[in-house]
Each structure stands twice: as structure tokens, then as C-alpha cells.
Amino acid sequence: MEFTATKKFTILLCLFCILTCAQAGFAYDNDKVLKIAQELEEQSDSIKIKKPAEYQLQAHRVEPGAVSIDGYLEESIWESARVATNFTQHTPDTGEPASQKTEVRFLYDDDYLYIGARMYDQNPDEIAATLFRRDGNEYSDWFLVGIDSYNDNRTAFVFGVNPRGVRKDYLIYNDNQDDMSWDAVWEASASIDDDGWTAELRIPLSQLRYNGEVGKMKSWGLNFSRAIARNGEESFWAPTLPDDSGIVSNFGRVTNLRELPEKNRLEVLPYLSGQLDRSPGDHQNPFYKQHDPSFNLGGDIKYGLSSNMTLTATVNPDFAQVEVDPAVVNLSAFETFYPERRPFFLEGSEIFSFGFSSNIDLGDTPRLFYSRRIGRAPQGPVPGDPQFIDRPSQTPIAGAIKLSGKTSDGWSLGLLNALTLEQSASYSAEGDDIQNVSVEPLSNYTVGRLQRDFREGHTVVGLMANSLYRDLSIPSLESTLTDQAFSGGLDFEHSWQDRKYRFNGRFAGSHVSGDPEVINRLQRSSARYFQRPDAGHLNLDPDLTSLQGLYGDVMFTSQTRHWMSQFRAYQITPGFEVNDMGFQSAADRRAMTGMLIHMQPSPIGILRNFNVWAATANSWNTDGDYVMNLHGTGGSFRFQNFWSLNYELLGGVRSLDDRLTRGGPLAQSPSSIRLNMNVSTDSRKDFRTTVQFNQVRSELGDWSQHFGLTLRYRPHPAASISLVPSLSRNFNKTQYIAAISDPNATATFGNRYVFAELEQTTLATAIRLEWTFTPDISLQMFAQPFVSVGSFDRFKQLERPKSMDYSVYGEDIGTVSYDDVSRRYEIDPDGSGDATFDFGNPDFNFRSLRGNAVVRWEFRPGSTIFFVWQQNRTSRESIGSLNMGHDYGELFRTPADHTFMVKFSYWLGY
């Protein structure tokens, strides 16, 4: 094979970027690699996408109302349509004809597409026909249709139905990435008979986006797939083999789509919701309401500017979350990331994604746009230390608007703008008058996204820009928040030799401005620690009124059927900051990772498929300090009896830690070794189990262990129960406590950096119960009792920078005493009495019980009513020891906050 000059230059550029940049950290997903293994492509010297003539299906036009969606295919018009059959197995017997015959027909009229499918089955009694909620992922047979109406070989709208009429839909973008949050308004029905089962789907053209002129005949990408759960079999009409890296690029075609209208679609989704909050409280509190009712009225409007461009607006959106976030105890210096759950932001979220995903994720990759920043809890302070506070839990969004779509010549466009309102908190001390203070300003958020496809989707270049403006005319907020924040960048993907080689990149910059006090806080934040006394490359400037930074990230991937290699490198400069509109936990980083994977996607011996890998991850700060490394191997194995085993064995050598002292000097990080394993039983059975075990140990004596058990049971085809108990224990010899100023601590730059030995135990159980009455009516219940106990002992200080040397108070140096009345520790670090300091008892017993029950009824397509009950109990004590009777007793004795909500939404389409 010969390389052109362009190909040589591209490869050399990729290698140059990899060798001159650097990356950090490590988190590996076996399931992700297994999926990649089942989607790898054969080598080819041509980028031409091959769609053989035998995988073309001619659509048949019918009169409106000719088909009734009842799942029986009884209308004679079905016999007039062409048939798509002869499916090919993707798994387990790759490339072989499907074990059961499937026939699919395609009809359409002015408003709808109609898909009729007959799934023959020689053993109809063994059809997996489980009933569960829409978009669920239970054990079941499936029929799916994917439609590439953009004709870009990268995007597909997918609609699926199971033998009980359960629907699911999702979006495929970038040829092989799924967006399961995408929902459309459509209908389907299914029935089981002696020959197998049948399915009928009616998909409104208004739910698709397509290009082309009115009156011209259209041809779209099309594929059908069928899953037979008992065999673990998946087959496709247009073959999509484990050798193929893409999904949409391997679609067949549907032709003869004549006279499709170019409609200016209009959809209106108004909602009405009522909520009652019932909570315990202090009757002396002037803000206390035992029963607090509220009502909301608003809605979303979608207008199709054309068949491929949609304008979406929302007025007073209802962002009440049906699902609750899980309880966590975060003792780190970094924010906890929670996924987005709000429908307005979930829809079309793939357009606003920036960059690429990789097999190794160290957890420090910045996100330019994190939609949960819009409508977040107010951030401004309440002055003094008032006894009673009435503070809003979230910031209302006055309105938001989105424009999204893709043109016929490969341009993708996304534009979002949202306005949040000023919020105030009320407060008072005992006997004082009630006062008000602004805690969140009027703010405007804007996100813009532009992409262009080249070479039939093999090359993609995109731009992204974000801006945030806040009205900080109130002095208390001026010293708390940035007044402006901007970020933007360029990303690209270039692939060649039919996607055997891929080169990805993203480059971004950021700028924030504000009061010097705000910028000073950003410089001192856990992402960068400009105040570090031994950091020659960082310079804390308390007079700055703005902060700027850059981020660059490149990745090269090579794929064949059985081998995959991936190299990635990135750098985040110290001043890069996107947390006003994005999510970022680290700056001042260079990192480099590499991974080699061997995959066997087809059966061999006792295995259905497997992969094994070796990887390395290394990270530095931009001063060249080696701050993190992990090296190891792992694998994922699925057996012929449908059991599975996953493992990871990772080790790290000594490095430096520029975060441990939280703004202080470097400390040495010990070498460590970690083992992660899990075993899962046959997923086809009514009773399924997964056992998980993780362990980490370091040369300093730190250790952590996690034991998890997942129990799932289907007592009935319409019901499921899951129980997920877990036990986590960890012993940390260097848990940060405080930094104490002391001029005598010359070895550590005039501060004593105080740590403790922390022993923590966490018990948690996630309980879920689901009962589905029909494909459109379901009941879901969730509860999570959570107890975490931490005991702090042997307080100590760092003796020297870049070391693992610590002196324990009361043993190696000084004295330590504890006052039971004030519950405070007093420490004299050198015994002189001149440098004495104290702090409160950090021991904790944290308890939480969260739960909800949701009844969902989709009483007509796109129209839904929810009945929701939520409960939350939280308590905390400074005991430091686990007592099952006391802690779980307190969990249920703690008064609960209750929320009752009814939400009604009605979809109107024109």
C-alpha cells in the first residue's frame, strides 16, 4: 500500500503532536472497548462508501389512512410493497445468514412513514417479550429501523419496538455514537402469533430532518436490525459486521420517495404542573411553611424553518427533576459532576458536544458547555451569620431558545440562548426584621456551534463559542461572581483508508473577567492553586481583573479487525477557566496516554467474545513536575453461557502531588497498585447477579476496598426488582485538614500543612421496583439508604516539600488535646505554646434516605401525565464510629421532606 504525500504529512503531524504534547490520568471502560471491537472495519484503500444494489429498497406510496397501526399487517396494501429480507448476522456468527427469517416493507404518504415487519421464529414460545417502560433496556427481542434522512453517512434517527409494543428511539451521530436522550413523537404496535411476531411503525415526517427540494425524488440511508435475545443474536439487512467501524456509513438505501412535502412544522407542548412541599421545621422561623404549594404553567414550541432546520423556544420551562441525584460524601477539593436530566437541554445535546471521546479518560478533560450551569442554585452569599434564611434552591429560567439543524451541503448549526432572572434571599436573626439580599444576578447564556462535513463525512471541522453576561450592579455580587465569561474553540476529525486511521483534535481558549477579589479566588481555586510557594511557573496577582488560558488535545487511532491502538496528548494551561458555563476540575496539566487492544468479536472456544489491553497514562504540570502515572492491563470476557468477567490490574510509581496541600508545596505521591474485578451471570435469566470487587493499596499504607452486589429479578414479564447493596472502606493516611500560618515553619514556606489519618466506611443500597401495565403506563419506585462514617486520628504535618515525611502531633512532635465540651482539638506543634492552633472535630456520621415513586402515562403520542412523590431524609453527627442500629435507626427517625407533584403536558402537532 502506498501513501500519498498528504497521508504522509497527516501521519507525521499526528506523531509530532503526540510526541510533543502530554496527557494525564486513567479511567477505562471495558464495555466501550467491546463495542468498538464489534464495530471495527476491514482495511481498504478507498474512502468510497459501498452500498450494493441488493441493499436498496423501493418505497411504496399509499393514500392517507391506508394503514391502521395495530401490529397485525392485515391491510392488503402491505402485499404491494417491496420486501427487504436476507438479514446477515453481526453476532454471534459474524457474516452468516440470520438464524430466523425477517421480512420488512416500507410505505409512505404525505405525512407518515409506515414500516411493517414480520419476524419469523421457529420457536415462538421462546420469544423474549418483556414489558417495560419506553426506552428501557431489559431482556427482550427487538426490531429497529435507522433512517439517515440527512444523507450525511453520519447521522441516523432510530426507532425500535419489541414484541410487547414497547418503543425506544435514539439518535446516532458521528457515525457510531448514541444519544439515548433523543425522543420523538411516533406510534408502534406489535403482536405475537404461531409464526413469530409482527410490528407496525408509523413515523411522522415532521419528526425527521431531511434535505432536498420539493417535488424531487429522494433517496435516504436505511437499515433494519433484529435482535433475538435468547441467542444473543443481532442481524442487519444491510450488513454491519464487527469489522466495520461505522454504523450509518454502512446503511443501505430507500429509494422512490416522491413528492415529500417541505413543511414548516409546528409543535406546541404546553404543560401545567402543581407541587406541594411538606417539610419539618422550626416554628420560630418566620419563613417556615409546613405545607408549601406552587403551580407552574409554561411550554415548548418547535417550528420547522425548513425540513432540516428547527427553532425551539421554551417559556417558563419546568425543570423539576423526576429522578433524584444520588447521595455522595465529597471530601475532595473538587466539585461532583451530575448528569443533565432536563428535557429541554437533553434534546439536541449531541450538536453542542465539543471534541471526541477516548478509551482512557482521566477525569480532567474540560467540558466547554455543561447545561446544568443554566438555572443552577444561586451562588451569592447572605451577609453575616443569620439564624433563619429563605433561599431559592434554583434560578428560574425566564426563557430559552434553540436553533439546530443540518443543511444539504454538510453544514450543522446549533445556537442556544437562555435568560435567567435575578434572585433574592430573605434572612433574619432572632428578633430582627426580615431583610432581603440579591444572591443571583440577571444572566444571559449563549452557545453557538457550527460544523462542516467533507469527503462523505470522513472529515469534519467544527467551531464552538460560548458567552455569559451577568448584571453585577449589586456590590455583594460584584465581589462574588465573574461579570463576563467567554470560551470557544475548533475541533476536527480526519479519517482515511475507510476509517482505519483517525486523527482527532480540539483546541480552545477561555477568558473571564470580574472584580479582583473574584479573579483572585479563581487563581487560588483547586483547579490551579496559583498561590503554591514552590511553583516557579505560577504567579498569583491579586490585582488581576481577568484570566485567560488555552487547551489543546489531539488523538490518533488505528483500527483493524483484531487490533486497535490509540495515542492521546493534551495540555491545559494554568489560566484556562470554563466553569461559568462548562465543567472543569483541573488546569495546569500536560498528559499523554497510550493503549493497545486485542479484540476477538466472534466466538472462539468457550468464549463468545473478548478483549485484552495494555495501557499507560502519564501526567505533568506545565512546570514539568511528574504528578500522576498509571500503567497496567485488563480485559473483558463473555462466555458461551452468557456469563461475563472484567478485570483491571493497574500500578503507579512514585510521583509528585501538587493538589494534596491545597495550595501549598509539592508532596510526594506513593507508588500504588489497584485491582478491579466484576463477574456477571447470564443476562437472559429472570434472576441475574453481578459481583464487583475493587482494591487499592499504596506503599505509604493507604488502602481502599469496595464490594458491590447487583441483584435483578423479573418475577413477571411486566415487573422487575433490583437491589444494589455496596460496602466501601478506605484508610487514607494523608487526609487534608487545614493550612496554619506559622513563620517558624520555614521548611514549608511559613505554613503548617495539617493532615490526619481517615478511616471511612460507606454503606449504600439502591432499590428499584418497576411495574409496567401497558407500554404507555408504568410505575417506578426508587429508594437509596446511604450511611457514611469517617473517623479522623493521628493528626500530623508535612515536614518537607516533595517528600512523604510527616510528623505526628503528640508522638513525633508537639502535643494534641481534645475538649469534649467544645468538641475541638488544640494542637501545640512545637511544644513552645507560641504556635498553638485549634479546629473542630472533623469526625462525621452522614445519613441520607432518598426515594421517589413515579407513575407515567402517555395517554396519546407525545402527551404525558406524571404523578410523582419524592422523599428526602438527611442527618449528620460527629461520632466517627459505625453503629448499625443507631445509624439506620436515625436514618428513619429523621423527619422527612416530602414533595408531591402532578405534571400534565399535551402535544399538538401541525
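The values are calculated or read from the model by the stated rules, or taken from the named source; none is laboratory data. What you are looking at is a predicted structure, and each value in this text was computed from that prediction instead of being measured. Every residue, glycine among them, receives a Cβ derived from its backbone with ideal geometry; neighbour counts consider all protein chains shown.
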Which count do you get for residues in segment 176-198 that are touching a Gly at 6+ places or on another chain (Cβ under 8 Å) and polar (S, T, N, Q)? 4
Starting from segment 701-717, take each residue that is under 23 Å from S140 (Cα atoms) and list its partners that are basic (K, R) and at pLDDT 95 or above, counting only C-beta distances under 8 angstrom and pairs at least six apart or across chains. T710/R688; L711/R688; R712/R688; Y713/R688; P717/R164
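Any residue at all in segment 821-842 that's of a type in the set (S, T, N, Q), over 20 Å from D702 (Cα atoms) and touching a Lys or Arg at 6+ places or on another chain (Cβ under 7 Å)?
yes
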Out of E63, E74, report the one residue that is over 37 Å from the mean Cα position of the chain (by Cα), over 24 Å from P775 (Cα atoms) and not in a strand (DSSP E or B). E63
With the first residue restricted to segment 64-83 and required to be at positive phi, and the second required to be among the acidic types (D, E) and outside any loop (DSSP other than H, G, I, E, B), Cβ contacts under 9 Å at 6 or more apart or on different chains are G71/E200; L73/E200
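So that you can scan it fast, the table gives a plain yes or no per residue for (1) surrounded by fewer than 17 Cβ atoms within 10 Å (Cβ to Cβ); (2) among the polar types (S, T, N, Q); (3) at positive phi:
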| site | (1), (2), (3) |
| --- | --- |
| M804 | no, no, no |
| V868 | no, no, no |
| N872 | no, yes, no |
| D897 | yes, no, no |
Counting only residues that are more than 28 Å from P842 (Cα to Cα) and assigned to a strand (DSSP E or B), segment 760-795 contains a total of 15
Any residue at all in segment 200-222 that is assigned to a loop (DSSP other than H, G, I, E, B), of a type in the set (V, I, T) and within 31 Å of the chain's Cα centre (by Cα)? no
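Going by the structure shown, is G635 crowded, with 17+ Cβ neighbours inside 10 Å and assigned to a strand (DSSP E or B)?
On the way: crowded, with 17+ Cβ neighbours inside 10 Å: yes; assigned to a strand (DSSP E or B): yes.
Judged against the criteria, G635 is a match.
Given the criterion aliphatic (A, V, I, L, M) and within 30 Å of A129 (Cβ to Cβ), identify the matching residue among V724, V754.
V724
Give the residues of segment 523-571 that are closer than 30 Å to S245 by Cβ and among the β-branched types (V, I, T), sorted by residue number. Spell out the reasoning first.
We begin by selecting, within segment 523-571, every residue closer than 30 Å to S245 by Cβ; these are 551-571.
Result: V554, T557, T560.
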Filter result for R154 (under 19 Å from S412 (Cα atoms), touching a residue at least 40 places away in the same chain (Cβ under 8 Å), basic (K, R) and in a loop (DSSP other than H, G, I, E, B)): yes
Quick check, is N285 among the polar types (S, T, N, Q), touching a residue at least 12 places away in the same chain (Cβ under 8 Å) and crowded, with 16+ Cβ neighbours inside 10 Å? no
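Just need a number here: residues in segment 330-356 that are within 30 Å of L660 (Cβ to Cβ) and either touching an Asp or Glu at 6+ places or on another chain (Cβ under 6 Å) or modelled with pLDDT of 80 or more (or both). First the steps, then the outcome.
Initially, segment 330-356 is screened for residues within 30 Å of L660 (Cβ to Cβ), giving 330-339, 355.
Of the ones still in play, those that are also either touching an Asp or Glu at 6+ places or on another chain (Cβ under 6 Å) or modelled with pLDDT of 80 or more (or both) are 338, 355.
Qualifying residue count, segment 330-356: 2.
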Might you let me know whether segment 427-434 holds any residue that is over 30 Å from Y570 (Cβ atoms) and buried (at least 20 other Cβ atoms within 10 Å of the Cβ)? yes
Verdict on D541 being of a type in the set (D, E) and within 23 Å of L368 (Cα to Cα): no
Reported set for segment 357-386 where residues are polar (S, T, N, Q) and at pLDDT 85 or above is T365, S371, Q379
Please work out which residue is surrounded by the most Cβ atoms within 10 Å (Cβ to Cβ), limiting yourself to segment 560-586 and to residues that are under 21 Å from the mean Cα position of the chain (by Cα), of a type in the set (A, V, I, L, M) and closer than 19 Å to N466 by Cα. V578
Filter segment 516-559 for residues that are closer than 30 Å to S358 by Cα, of a type in the set (S, T, N, Q) and touching an Asp or Glu at 6+ places or on another chain (Cβ under 8 Å); the one that is surrounded by the most Cβ atoms within 10 Å (Cβ to Cβ) is Q559
Taking F892 and the conditions (1) surrounded by 15 or more Cβ atoms within 10 Å (Cβ to Cβ); (2) in contact (Cβ under 8 Å) with a residue 40 or more places away in the chain, which numbered condition does it fall short on, given that it satisfies the others? (1)
Given the options L547, L522, L540, name the one that is more than 30 Å from the chain's Cα centre (by Cα), over 29 Å from M595 (Cα atoms) and of a type in the set (A, V, I, L, M, F, W, C). L540
Taking segment 444-472, which residues are among the aliphatic types (A, V, I, L, M), at pLDDT 95 or above and crowded, with 21+ Cβ neighbours inside 10 Å? V447, M464, L468
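For segment 638-667: of the residues being among the hydrophobic types (A, V, I, L, M, F, W, C) and in a strand (DSSP E or B), which is farthest from Y570 (Cα to Cα)?
Taking the candidates together, the pick is F639.
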Subset of segment 482-497, residues buried (at least 19 other Cβ atoms within 10 Å of the Cβ) and among the aliphatic types (A, V, I, L, M), comes to A485
In the set Y910, Y906, the lone residue that is within 30 Å of L266 (Cβ to Cβ), loosely packed, with under 15 Cβ neighbours inside 10 Å and touching a residue at least 40 places away in the same chain (Cβ under 8 Å) is Y910
The residue that is surrounded by the fewest Cβ atoms within 10 Å (Cβ to Cβ), considering only those in segment 782-796 that are hydrophobic (A, V, I, L, M, F, W, C) and closer than 25 Å to E877 by Cα, is A783
Would you check which residues across segment 506-515 are surrounded by fewer than 21 Cβ atoms within 10 Å (Cβ to Cβ) and in contact with a strand residue (DSSP E or B) (Cβ under 7 Å, 6 or more places away or on another chain) and list them? F507, G509, H511, S513
Of the conditions (1) of a type in the set (G, A, S); (2) in contact with a helix residue (DSSP H, G or I) (Cβ under 8 Å, 6 or more places away or on another chain); (3) in a strand (DSSP E or B); (4) farther than 30 Å from V268 by Cα, S225 clears all except one; give me its number. (2)
Could you say which residue among L769, L779 is farther than 30 Å from R876 by Cα, of a type in the set (A, V, I, L, M, F, W, C) and under 45 Å from the mean Cα position of the chain (by Cα)? L779
Check whether at least one residue in segment 291-306 is assigned to a loop (DSSP other than H, G, I, E, B), surrounded by 15 or more Cβ atoms within 10 Å (Cβ to Cβ) and over 29 Å from the mean Cα position of the chain (by Cα), and report yes or no. no
Counted residues, segment 796-841 - those being under 18 Å from D657 (Cα atoms) and either without any contact (Cβ under 8 Å) to a residue 24 or more places away in the chain or polar (S, T, N, Q) (or both): 3
